[in-house]
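S.K.: Submitted below is the structure of interest, expressed as structure tokens.
The values are calculated or read from the model by the stated rules, or taken from the named source; none is laboratory data. Every value quoted in this text rests on a predicted model; they were computed, and no experiment measured them. Cβ sites come from the backbone with ideal geometry, for glycine too, and all protein chains shown count toward neighbours. What goes into the accessible areas is simple: the full protein's heavy atoms, side chains included, and nothing from ligands, DNA or RNA. Shrake-Rupley method; radii C 1.70, N 1.55, O 1.52, S 1.80 Å.
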Amino acid sequence: MRAVLVSEFGGPEQLRLGQAADPVAGRGQVRIAVNAAGVNPVDAGNRADGRWAGLRVPCILGYDVAGVIDSVGDGVSGLAPGDRVMAMTHFPDGAGGYAELAVVDAGLAAPIGAAVSFAEAAATPLAAGTALVVLSRLGLPPASRLLVLGASGGVGLFLLQLDVAARAQALAGGPVDAIADLVGGTLAAAALPSLRPGGQIAAIATPELDLDPLLDANITFHGVLIGDDGDRVRALAALLDRKALRPVVSHVLPLAAAAEAHRILERRHASGKIILDVTG
């Protein structure tokens, strides 16, 4: 199969189109003929040094895939060859999405309707899933005020649809109840004065924060790292089918342009998700 291979950790130039052995679906697994693969910031981190995720070179990056099941392993029920699906491959040491074929546990694949494009489906599992986990960890009641740092990125655009739009976007008029930090660095510290005492911060990237002000104001901090959850992927697929969730795709590039996709990602020039068209 064609795949984008990383033979050495480093810059975007390490992403090279090549050939890899076709994976085989084992018991309880399905093999997906990938039409589209999502590109996420974690992919760029894994390309630079994926050892934290248990990746070893040579490896294939990518967690978000959408396509058609072309084979199933023993013991699989409810899914069959020909089914249109989306999936997030095993996180964090699974990856394998930047390829023509990807194998996942059947429980991690979600059927998608005919009206959902493969690009939309591939944009969704990791970013929208992370947004759901952030909201779950914060557990905000209705009418709460949430400040989103990095709202124009992939996770932020989903988070706004899943939360703020449903709560009338009541962010003005006083301190906020929670901060969702999707960027890391110094932004959370700069935004801290807008957070009420007893509020919460949920971060998906490492912030530069002095803990003393958090302790003094009884601030709760949540570190968020997504994990495998097939039920979450199926819930997101249902939202896509109902058009209750609309992925914002900023770039669609051919598989061979994975290096350029990472350059765009790292320049932060993408207001939305970057998708690799694996068929092109």
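S.K.: Check which residues have an amide H placed less than 5 Å from ASN35's amide H, if you skip close sequence neighbours.
M.R.: The answer is ALA66, GLY67, VAL68.
S.K.: Okay, next question. Expressed as a rounded percentage, what relative contact order does the chain have, with Cα pairs under 8 Å and six or more residues apart?
M.R.: Working: 673 pairs, mean separation 61.1, N = 280.
Reported as a whole number, the value is 22 percent.
S.K.: Given a 1.4 Å probe, how much area per residue of segment 218-280 is accessible, in Å²? Don't jump to the answer; show the numbers that get you there.
M.R.: Values: 3140 Å² over 63 residues.
Result: 50 Å² per residue.
S.K.: If amide H atoms are built 1.01 Å from N in the plane of the peptide, which residues on other chains or at least 5 residues away come under 5 Å of the amide H of PHE221?
M.R.: Hits under the 5 Å cutoff: ILE201.
S.K.: Counting only C-alpha contacts under 8 Å and six or more residues apart, can you give the relative contact order of segment 17-142 as a whole percent?
M.R.: 31
S.K.: For segment 8-159, what is the per residue volume of the convex hull drawn over the alpha-carbon atoms, in cubic angstrom? Numbers along the way, then the final one.
M.R.: Details: hull volume 21.5 nm³, N = 152.
It is 142 Å³ per residue.
S.K.: Sticking with this structure for a sec: Between segment 65-96 and segment 224-244, how far is it from one alpha carbon centroid to the other, in angstrom?
M.R.: Here the answer is 15 Å between Cα centres.
S.K.: Tell me the accessible surface of SER117 in square angstrom (1.4 angstrom probe, heavy atoms of protein chains only), to the nearest ten.
M.R.: Its accessible surface works out to 50 Å², give or take rounding.
S.K.: Given the options ALA143, ALA261, ALA25, which has the most mean-square fluctuation in a GNM of the chain, springs set between C-alpha atoms less than 10 angstrom apart?
M.R.: ALA143
S.K.: Right, something else. If you count only protein heavy atoms and use a 1.4 Å probe, how large is the accessible surface of ASP22, to the nearest 10 Å²?
M.R.: 80
S.K.: May I pose another question? So what's the angle, to the nearest 10 degrees on a 0 to 90 scale, between helix 230-241 and the longest Cα principal axis of the chain?
M.R.: 90
S.K.: For VAL252, list long-range residues whose amide hydrogen, built 1.01 Å from N in the peptide plane, is under 5 Å from its own amide hydrogen.
M.R.: Here ILE275 satisfy the definition.
S.K.: To continue, here is another question. How long are the semi-axes of the equivalent ellipsoid of segment 169-270, taking √(5λ) for every eigenvalue λ of the Cα gyration tensor, in whole Å from largest down?
M.R.: 31, 20, 14
S.K.: With all protein chains present, calculate the accessible area of HIS90 using a 1.4 Å probe and round the result to the nearest 10 Å².
M.R.: We get 90 Å² for HIS90.
S.K.: Here is a further query. Quick one: with all protein chains in place, what share of the accessible area of the chain is carbon or sulfur, to the nearest percent (1.4 Å probe)?
M.R.: Working: 6420 of 11860 Å².
On the chain, the fraction of accessible area on carbon and sulfur atoms equals 54 percent.
S.K.: Give the average over all directions of the projected area of the C-alpha convex hull of segment 1-49, one decimal, in nm².
M.R.: 4.3
S.K.: May I pose another question? Under a no-solvent Debye model with one identical scatterer per Cα of the chain, what's log10 I(q)/I(0) at q = 0.11, 0.16 Å⁻¹?
M.R.: -0.62, -1.19
S.K.: Specify the angular offset, from 0 to 90 degrees and rounded to the nearest 10, of the alpha carbon long axis of helix 125-138 from the longest principal axis of the alpha carbons in the chain.
M.R.: Helix 125-138 sits at roughly 30 degrees to that axis.
S.K.: Note down the nm distance, to one decimal, between modelled labels 7 Å out along Cα→Cβ at SER7 and at ASP49.
M.R.: 2.3
S.K.: Also: At q = 0.10, 0.12, 0.19, 0.23 Å⁻¹, what is the base-10 log of I(q)/I(0) for segment 1-82 according to the Debye formula with one equal point scatterer per Cα and no solvent? Please give it to two decimals.
M.R.: -0.29, -0.42, -0.91, -1.11
S.K.: Hey, if we sort ARG84, ARG56 by accessible area with the 1.4 Å probe, largest down, what's the order? The partial results should precede the final answer.
M.R.: Details: ARG84 60, ARG56 150 Å².
So the residues, ranked largest to smallest area, are ARG56, ARG84.
S.K.: Net charge within 11 Å of PRO58 by Cβ-Cβ distance, Lys/Arg positive one each and Asp/Glu negative one each, not counting PRO58 itself? Mind showing how you got there, number by number?
M.R.: Working: positive: ARG16, ARG56; negative: GLU8.
Taking every other residue near PRO58 into account, the sum is +1.
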